[in-house]
Amino acid sequence: MEMQATGGNIAGVDLAALAEREGTPLYVYSAPAIRQRIRALREALHGLDAGICYAVKANGNGAVLSLLAEEGAGADIVSGGELQRALRAGIPAGRIVFSGVGKSAAEIDAALAAGIARFNVESRAELELLQARAQVGGFTARASVRINPDVDANTHAKISTGKAENKFGVSVAEARNWFDAKTQWPDVRLDGLHMHIGSQLLSLDPVREALQRMAAFWKELEAAGHAIASIDVGGGLGVRYREGEQAPDAHDYVALIRKALAGFKGRILVEPGRWLVAEAGLLLTRILLEKRGDARRFLVLDAAMNDLLRPSLYEAWHDIIRVGGGREHVEYDIVGPVCETGDTFAVGRELPRCEAGDLVAILGAGAYGASMASTYNSRPLAAEVLVDDGRYALIRKRQTFDAMIADERLATDWKTA
């Protein structure tokens, strides 16, 4: 990310001044950093019939989606709500693919009516439902089978998706049966393959292995007379969250795709999410107080696990810096004010000595931060800003208490079911 830790500047915008204007906790996203990532991937894919379908679940803010749409990205969605977000941001339906293990009939109907590019089908029950909804609506649904290549992604268990025991996709054997019996689903054009083995992949070795298995199956299907028009290789590329980690290079990643799918005449899709936006974002938060226990020294922030869930959910590491740097270093446990022991961002972390009122920035928070936030403990959702060339735009207002409870009602309107 383009940020000077000691100066507290991102994309030409001073973080201290930003906090004074918009308050904390505050999500801050760098538009130049997002553009740099998607342009690097687009350049690496040059010469291939390929599309970038951004995984909306990583960060679904409308301004972020609009920026990516301007760069030519499509969308990988997993819900009807994400479909609406993508369309409202200007992403054409023809660049949208619909993933996920539990698509409802209403969501399928909406996606068919919008004219999305294709569905990534994850079970026979879903295939049957897609056929039924397409027939009722008079549509032909284009679909890809999500295969589970049974490859260990070497990532956290909760974000591994490509092993046989995971809930995602189907075995190659089951997928083969679907292609052989595809006349049973006359309103579904089954002509694609899809995979996604997991998230936060820092090594490309599992990707290479999964691509090889995907390529072997594609060639087997074509030899059996099944034309394959699309191969979606998924996403999952990792990012730098801590010293020693490095995001995979776009050219190295695409080189694996070129080699594995050499000779493929159809369209190749990639589904990056985290890789495009994580390092472009930070969570700016102010220290409420320092608490000294018998054995530990705590910094209590005004941000909490409801604002950024990853450390509590995944034991995830995020680099944390004191905005402005300086001072001698002290070891802290960095926590939020929520009434959960799990409301902990870091344990035994060294920072320049901090005081109440100081600002700290939790880095690498552009993905799965705001998108996973909640109002737990009746804490309103944080504001979000986009920064670009010395300017910033408020892209999500800080939620008010009245907005948080707007849909609640007292039990005065009783009905019988």
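Listed values, structure above:
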| quantity | calculated |
| --- | --- |
| Scan of segment 67-85 for residues that are over 18 Å from LEU41 (Cβ atoms) and touching a Gly at 6+ places or on another chain (Cβ under 9 Å), ordered by number | ILE77, VAL78, SER79, GLY81, GLU82, ARG85 |
| Segment 196-248, subset of a type in the set (Ser, Thr, Tyr) and out of contact with any Ser or Thr (no Cβ under 8 Å at 6 or more places or on another chain), residue modelled with the highest pLDDT | TYR241 |
| Strands (runs of 3 or more DSSP E) lying entirely in segment 1-101 (those with 1 or more residues that are of a type in the set (S, T, N, Q) and closer than 27 Å to ALA361 by Cβ) | 26-30 |
| Filter pass, ILE116 being assigned to a loop (DSSP other than H, G, I, E, B), without any contact (Cβ under 8 Å) to a residue 60 or more places away in the chain, buried (at least 17 other Cβ atoms within 10 Å of the Cβ) and under 18 Å from the mean Cα position of the chain (by Cα) | no |
| Boolean, GLU209 is of a type in the set (D, E, K, R), loosely packed, with under 14 Cβ neighbours inside 10 Å and over 28 Å from ILE362 (Cα atoms) | no |
| Matching option when the condition is farther than 29 Å from GLN36 by Cβ, surrounded by 13 or more Cβ atoms within 10 Å (Cβ to Cβ) and under 28 Å from the mean Cα position of the chain (by Cα), among VAL385, VAL338 | VAL338 |
| From the options LEU129, LEU193, residue that is of a type in the set (A, V, I, L, M), surrounded by 19 or more Cβ atoms within 10 Å (Cβ to Cβ) and at pLDDT 95 or above | LEU193 |
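Each row is one residue, and each column tells you yes or no for (1) closer than 30 Å to ALA255 by Cβ; (2) in contact with a Pro (Cβ under 9 Å, 6 or more places away or on another chain); (3) surrounded by fewer than 24 Cβ atoms within 10 Å (Cβ to Cβ).
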position	(1), (2), (3)
TRP275	yes, yes, no
ILE287	no, no, yes
LEU308	no, yes, no
GLU315	no, no, yes
ASP319	yes, no, yes
GLY342	no, yes, yes
GLU350	no, no, yes
VAL360	no, no, no
TYR368	yes, no, no
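The values are calculated or read from the model by the stated rules, or taken from the named source; none is laboratory data. Here the structure is a predicted model, which is why all the values come from computation and not from measurement. Quick reminder, even Gly has a Cβ in these numbers, built from the backbone with ideal geometry, and neighbours come from all protein chains shown.
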